[in-house]
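Novice: Sending over a structure as structure tokens; questions will come in a sec.
The values are calculated or read from the model by the stated rules, or taken from the named source; none is laboratory data. Nothing here was measured: the structure is a model prediction, and the numbers come from that model. With ideal geometry, Cβ positions are generated from the backbone for all residues, glycine too; neighbour counts draw on all protein chains shown. All accessible areas refer to the heavy atoms of the entire protein, side chains included, with ligands and DNA or RNA removed. Shrake-Rupley method; radii C 1.70, N 1.55, O 1.52, S 1.80 Å.
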Amino acid sequence: KEILEQLAEELKLKPSVIEDINNFKDRGFSDYFALLLSKSYFPGEKRIKNAFHDILLSIANEGNAIIVGRAGYYITNHLQNSYHVRLYAPLEWRVDRFSEKRELSYQDAMKQVEDMNKNRLQFLEYFRDNKKQNKPFNQEFDCSVNSIEQIVDQIWSDLEKTFLNDAD
């Protein structure tokens, strides 16, 4: 949230634009055309994503930051003192949880989860650098079989081993 708020402030964007970014939504041609005809300032999508990249990277470079999602892995994996976790789960499990949380039918939840997946992948693709080899994730967890407590305990243990032992 802090990154998105900083992005909105830096680019003088409206909250609705930030909400689109937060939900991995790209604005359609008609949205851009309407904005061109209005008196509102709207930077191009590339400028927004580049500013997002720069803000996220500066936060990571300051250190002691936890960046959840939003292409953090692709933007920061070249940093030496970084630790990257991938959380995943089977589609059916995610749909069931989404359906329950949002009180939707399974079919409606499936459609929304599929749309979110597609939008997230498009967003991530912008930041993926195919020319450079990304280092692997430090840990990967299947959320359908690992509890939040198990995941946190394992990450904490790894961080202590990796970063506290290096300080000795």
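Novice: Just to check your reading of the model, which residue among D108, D31, D26, D129 is assigned to a helix (DSSP H, G or I), open to solvent by 30 Å² or more (accessible area, probe 1.4 Å) and either at pLDDT below 90 or in contact with a His (Cβ under 7 Å, 6 or more places away or on another chain) (or both)?
Specialist: None of the other options fit; the residue is D31.
Novice: Criterion first (over 19 Å from the mean Cα position of the chain (by Cα) and modelled with pLDDT under 95) does Q150 satisfy it?
Specialist: On the way: over 19 Å from the mean Cα position of the chain (by Cα): yes; modelled with pLDDT under 95: no.
Spelling it out, it is not the case that Q150 is over 19 Å from the mean Cα position of the chain (by Cα) and modelled with pLDDT under 95.
Novice: Oh, and also: What about R120, is it under 18 Å from the mean Cα position of the chain (by Cα) and surrounded by 15 or more Cβ atoms within 10 Å (Cβ to Cβ)?
Specialist: Yes, satisfied.
Novice: Inspect region 84-92 for any residue being open to solvent by 70 Å² or more (accessible area, probe 1.4 Å) and among the hydroxyl-bearing types (S, T, Y) and give the result as yes or no.
Specialist: Yes - at least one qualifying residue is present in region 84-92.
Novice: Out of S144, S99, which single residue is part of a loop (DSSP other than H, G, I, E, B), free of Cβ contacts under 8 Å to residues at least 60 places away in the same chain and more than 24 Å from F52 (Cβ to Cβ)?
Specialist: The match here is S144.
Novice: Right, F137: within 19 Å of L79 (Cβ to Cβ) and modelled with pLDDT of 85 or more or not?
Specialist: yes
Novice: Tell me which residues, restricted to region 68-83, are surrounded by fewer than 16 Cβ atoms within 10 Å (Cβ to Cβ) and closer than 17 Å to L121 by Cα.
Specialist: Matches in region 68-83: V68, G69.
Novice: Let me ask something else about it. Over 24 Å from N146 (Cβ atoms) and of a type in the set (S, T, N, Q): is that true of S105 in this structure?
Specialist: When the stated conditions are applied, S105 passes them.
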